[in-house]
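The values are calculated or read from the model by the stated rules, or taken from the named source; none is laboratory data. All of these numbers come straight from a predicted model, not from anything done at the bench. No Cβ is skipped: glycine too gets one built from the backbone with ideal geometry, and neighbour counts run over all protein chains shown. These accessible areas exclude ligands, DNA and RNA; they are computed on the full protein's heavy atoms, side chains included. Shrake-Rupley method; radii C 1.70, N 1.55, O 1.52, S 1.80 Å.
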Amino acid sequence: MQRMSNKMKNMRAALLFCLVAMISLSVSAQNVTVTGTVTDKTGETVIGASVVQKGNTSNGTITDIDGNFSLSVPANSTLVFSYVGMTSQEIPLKGKTKVEVVMEDDAQALEEVVVIGYGTVQKKDLTGSVSSVSAKQLESIPVSSASEALQGKMAGVQIITPPSEIMDYYTKEGDTKKIQKWLMDNIDKSDGVIVSIDQLLHGGLLASRESGTKQDESQILLKFMRDLKTKAKDKPIYAFNVLPRITPPPTLESDSKKMIKISRLIDEISIFENEDDIKLLADLKEDIKQEDLDIYLDLFRRNTALNKELINLAKKGIITKLVIGQDDGEDFGIPNMEKKSLINYVHSLGISNDVVMITKGADEVALSLLSNFVQTKTNYQPKVYVEYNDEKAMRTVMPFMAGSVGSTVEEKLVMANAKKVNSPQEAGLILYVFIGNDENMYTQRQSALKIKKYLEQGKKVALVDLSKHFSANEVLFPTLLKEDVPINELTSYAGWNTASNSIGTALANAVIYKAIRPTFNTTNDMLAVEYNRLNINYERFLEDYYYLKEVIDVMNITLKNHGYENVNDLDMEHNYIWMNKLLQSDMQKRANQLNNSEVFKMPFKVQTPEGVFDLTIRNLQVDVFFPWPRTFEVYLDVRLNLYRLN
């Protein structure tokens, strides 16, 4: 088993330091002061390891950043050393005042290791802290890197990823041969694999939009998947692939708007056979190059053929679960035709949804598969009650979606193997879906009060918080603060750019928490789970609301005021550094506002083997930067301190 990352150790130290500091205030002077250092078997210092006097758990401390500790105890005491993921040790002092401890990894503590195959976020001076958490990352977007790493920690799952230098970065494709070799070399160290087909085949999602799938490349990939399964043996292999968008590759010379219109018309004509549409299609074809149209159509044909081969691998058990996602969908278009064709193919083979799932969305799919992995290991099936803020929310079609909010919710429930129930009383989890627009802002207060009541009743709530127009005025989060809703008790929160992303993320995060929470039986592990839940939620508060609904406009307006019209393509040499400084400053100001709010300071209760702990959080800090030259995404890392009050 691989060692925990320093980032996780630091996170654990932040949690334990606050708890132990408050507990140790009542410890009176003892006979001797014992000092020492705690390291792991490689000689690396263990930060935040617990050091407690046996028989007197109120007398303890933790190791500092250099692994050092100092504790006043009776001369003949026994010290107990513990750290999540490592085997606890008891050392009798027998008069000694200096102790050197070497801790070993505990094969039982971190229950699983999952290898995930998709891209990793890069930054010139910060690659280490990102790639130190694991496996092949989602479609190269920052949100998945942070969330999956934290969820892995919360779930007792260590996630390992390929070295950042072989992964994709924005428009630069990854090295597919080296990625495949890395997977083969590391499969023996894991208990499961999550892979992106786009990453294995093209070197990334953006690269897949440029090229398409050649027949010989597809066959090489399919052989690799069979070979990977042979080496993996009984270890599960989860895979996902993303359908091409309706937007044509930028390398084509023809007018992209006309190409998109052609794509929509081809789909509409296949359904309605309208003569006017047929004539309009013929006219549009006259305005574009036939070669470009052939390339565009062939992109979908080859992708369909590849997906059918992947479905066949899933039917044979080579792929444990395959998810095919539709990214940035529309009402009509050739991607919809491909999706329908694949759904019919799956049905013709009699394959169930727990083997092959075709769904809206892309960015959240890897996190959903991580949730599936955890559910399988814990044998957990959630009972979910779904509630909307008004009767129209379920029927709303959000931007970039090829279907209603309600249909997306149903798909994500199927992805989570959830049992939908008819009342909050029957549910282990309430999925509250808020869809805000300029006509239903009156539902904000009633929704906030409804959620507040659920939390006061001890219900677990996963909140999806979306705006039809991506507006801060239309979402629920500010009203939660205004109405003193205890946001620290939310099981999960999401409000990113698309409905599929937010619904899938909120549900997967909540399911992982619900699945894993009962499996931990020590106070430290339970508190670590709660800390990571809070950390994940505050990342979502800060990115999904504060950045995407407030700060991004500040960034874009600032750029335009300085003469940069295209905010989607920053000049790395001239504005990247000062824009990151502005971003960091503005986001920390928002974090400080949240830090000073009443709801942030609200205490909450956690049941542990040692009784009910009253906890509170303090000192919210955020590190944030643009991972590549555009303002749409940020990489965001949150730090907060967790205190025990009683």
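Between 264, 301, which is among the basic types (Lys, Arg), part of a helix (DSSP H, G or I) and crowded, with 18+ Cβ neighbours inside 10 Å?
Residue meeting the stated conditions: 264.
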query = Given the structure, is residue 523 touching an Asp or Glu at 6+ places or on another chain (Cβ under 6 Å), touching a residue at least 60 places away in the same chain (Cβ under 8 Å) and buried (at least 22 other Cβ atoms within 10 Å of the Cβ)?
reply = no
inquiry  = I need the full set of residues from region 336-356 which are within 15 Å of residue 241 (Cβ to Cβ), open to solvent by 10 Å² or more (accessible area, probe 1.4 Å) and within 26 Å of the chain's Cα centre (by Cα), in order please.
reply    = 339, 355
ask   = Pairs, please: C-beta under 9 Å, at least 6 apart or cross-chain, first residue farther than 18 Å from residue 442 by Cα and in region 391-402, second open to solvent by 90 Å² or more (accessible area, probe 1.4 Å) and in a loop (DSSP other than H, G, I, E, B)?
value = 397/331; 399/469; 402/331
query = Scanning region 604-627 for residues that are within 18 Å of residue 496 (Cα to Cα) and in a loop (DSSP other than H, G, I, E, B), which turns out modelled with the lowest pLDDT?
reply = 627
query = Does residue 468 satisfy being within 22 Å of the chain's Cα centre (by Cα), of a type in the set (Lys, Arg), open to solvent by 10 Å² or more (accessible area, probe 1.4 Å) and closer than 26 Å to residue 591 by Cα?
reply = no
Test for residue 560: is it of a type in the set (Lys, Arg), assigned to a loop (DSSP other than H, G, I, E, B) and open to solvent by 10 Å² or more (accessible area, probe 1.4 Å) = no
query = Could you say whether any residue in region 533-554 is crowded, with 19+ Cβ neighbours inside 10 Å, touching a residue at least 40 places away in the same chain (Cβ under 8 Å) and part of a loop (DSSP other than H, G, I, E, B)?
reply = no
task = Identify, from the list 383, 392, 321, the residue that is open to solvent by less than 20 Å² (accessible area, probe 1.4 Å) and of a type in the set (D, E, K, R).
result = 321
task = May I ask you to list pairs of residues, at least six apart or on different chains, whose Cβ atoms are under 6 Å apart, with the first in region 441-458 being of a type in the set (Phe, Trp, Tyr) and the second being open to solvent by less than 80 Å² (accessible area, probe 1.4 Å) and at pLDDT 95 or above?
result = 454/430; 454/461
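Residue-by-condition table, conditions (1) touching an Asp or Glu at 6+ places or on another chain (Cβ under 7 Å); (2) among the aliphatic types (A, V, I, L, M); (3) open to solvent by 50 Å² or more (accessible area, probe 1.4 Å); (4) at pLDDT below 90:
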| position | (1), (2), (3), (4) |
| --- | --- |
| 24 | no, no, no, yes |
| 48 | no, no, no, yes |
| 68 | no, no, yes, yes |
| 71 | no, yes, no, yes |
| 75 | no, yes, no, yes |
| 93 | no, yes, no, no |
| 108 | no, no, yes, yes |
Criterion violated by residue 425 - all others in (1) open to solvent by 90 Å² or more (accessible area, probe 1.4 Å); (2) in contact (Cβ under 8 Å) with a residue 24 or more places away in the chain; (3) not β-branched (Val, Ile, Thr) satisfied = (2)
